[in-house]
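The values are calculated or read from the model by the stated rules, or taken from the named source; none is laboratory data. Model, not experiment: these values are computed from the prediction. In this analysis, Cβ positions are derived from the backbone assuming ideal geometry, glycine residues included, and neighbour counts consider all displayed protein chains. Please note that ligands, DNA and RNA were not included when accessible areas were found on the heavy atoms of the full protein model with its side chains. Shrake-Rupley method; radii C 1.70, N 1.55, O 1.52, S 1.80 Å.
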Amino acid sequence: MKLVTRIEALVVSLILLTTTSPVIAGLDFDRSGVSLIWQGLYESVDPDNNDTDSDGVSDRFEGLAGTDPTNPESLPTLRDFEVNEREVIFRWQGIAGKMYRVERLNSVTYEWEVTMSLEPLLANGLREVLVPTSDEGGDLFRLAISDVDSDGDGLSAWEEAQLGWNDANPNSSGDDRGDFAAALFGLEASEGLLLASGERLMQQLPDTEEAARFLLRASFGPTDESIARVQELGFTGWIDEQLE
């Protein structure tokens, strides 16, 4: 996800331009690019909806950025800035677990170049960067937001932050099956998944398409009966049943 800001000498013009970028969303069985944890947090919001809070950023891109699609103040953009003679200071509210890059458009090659890269925070907090302006002026900047999975456990750092786990430890949940399995078991449990905030997400079981895709890889192929069984038990319950 990327948002663009243009710096023209000492005059600043904001341009919100969103484009897709590769992300890691471990709990993304519907292939929307948006974590099921985010979808569970904002259950009334459809990621395919244009813009629930009318803040100029689509619900899907808010899902990628980890921001609140129902709050127009929760906005992933370089809208807070100061322009000095030779530099610009950008500030934004950072989301735990998200990696940020400030990029400038090269006026000669027309390629985006990274001017500043920020590693994920463990908690939400203010991010601030100081970026020199070019001699020519008229700089075009954008904020690139992406996910990371430092411990390779299949969960993004943002997902682990929501769960109160550590993206540097694949077993930080304390579950011997690993963090990904622990999160998936929690999502599919009847009581739902408990987040670090104390909020509990409702149970989420696979739909027909998700069950069929799973069975293409986990069995000799889906049947109406096996699809219905996966939908009833969930991925974890179906696997446990096969092992009995």
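Within region 84-99, the set of residues being modelled with pLDDT of 85 or more and open to solvent by 70 Å² or more (accessible area, probe 1.4 Å) comprises GLN93 only. So which residues in region 81-101 are assigned to a loop (DSSP other than H, G, I, E, B), of a type in the set (A, V, I, L, M) and touching a Ser or Thr at 6+ places or on another chain (Cβ under 8 Å)? Listed by number, the list holds a single entry, ILE95. Could you tell me whether GLY237 is free of Cβ contacts under 8 Å to residues at least 60 places away in the same chain and either β-branched (Val, Ile, Thr) or not in a loop (DSSP other than H, G, I, E, B) (or both)? So GLY237 fits the description; yes. Residues in region 203-227 that are in contact with an Asp or Glu (Cβ under 9 Å, 6 or more places away or on another chain), open to solvent by 70 Å² or more (accessible area, probe 1.4 Å) and among the polar types (S, T, N, Q): 1 in all.
Flag set for ARG31, criterion: in contact with a Lys or Arg (Cβ under 9 Å, 6 or more places away or on another chain), surrounded by fewer than 21 Cβ atoms within 10 Å (Cβ to Cβ) and basic (Lys, Arg). Selection of region 5-29 for residues being at pLDDT below 50 and not in a loop (DSSP other than H, G, I, E, B) yields ARG6, ILE7, GLU8, VAL11, VAL12, SER13, LEU14, ILE15, LEU16, LEU17, THR18, THR19.
Check VAL102, VAL108 and return the single one that is crowded, with 18+ Cβ neighbours inside 10 Å, modelled with pLDDT under 90 and of a type in the set (A, V, I, L, M, F, W, C). VAL102 is the lone residue from the list that is crowded, with 18+ Cβ neighbours inside 10 Å, modelled with pLDDT under 90 and of a type in the set (A, V, I, L, M, F, W, C). When each of ALA196, ALA181 is tested for being in contact with a Gly (Cβ under 8 Å, 6 or more places away or on another chain), under 25 Å from GLY237 (Cα atoms) and either modelled with pLDDT under 95 or part of a loop (DSSP other than H, G, I, E, B) (or both), the lone residue that passes is ALA196. Among the residues of region 184-198, are any open to solvent by less than 40 Å² (accessible area, probe 1.4 Å) and over 30 Å from ILE95 (Cα atoms)? No, region 184-198 contains no residue that is open to solvent by less than 40 Å² (accessible area, probe 1.4 Å) and over 30 Å from ILE95 (Cα atoms). Look at region 151-163: where a residue is without any contact (Cβ under 8 Å) to a residue 60 or more places away in the chain and farther than 12 Å from SER173 by Cα and a partner is part of a helix (DSSP H, G or I) and open to solvent by less than 30 Å² (accessible area, probe 1.4 Å), sitting 6+ places away or on another chain with Cβ atoms under 8 Å, you get ASP151/ASP179. Note on region 122-138: residues that are within 20 Å of ASP68 (Cα to Cα), open to solvent by 30 Å² or more (accessible area, probe 1.4 Å) and at pLDDT 90 or above total 3.
When PHE81 is tested against (1) open to solvent by 40 Å² or more (accessible area, probe 1.4 Å); (2) modelled with pLDDT of 85 or more, exactly one condition is not met: (2). Selection of region 30-66 for residues being assigned to a helix (DSSP H, G or I) and without any contact (Cβ under 8 Å) to a residue 24 or more places away in the chain yields ASP59, GLU62.
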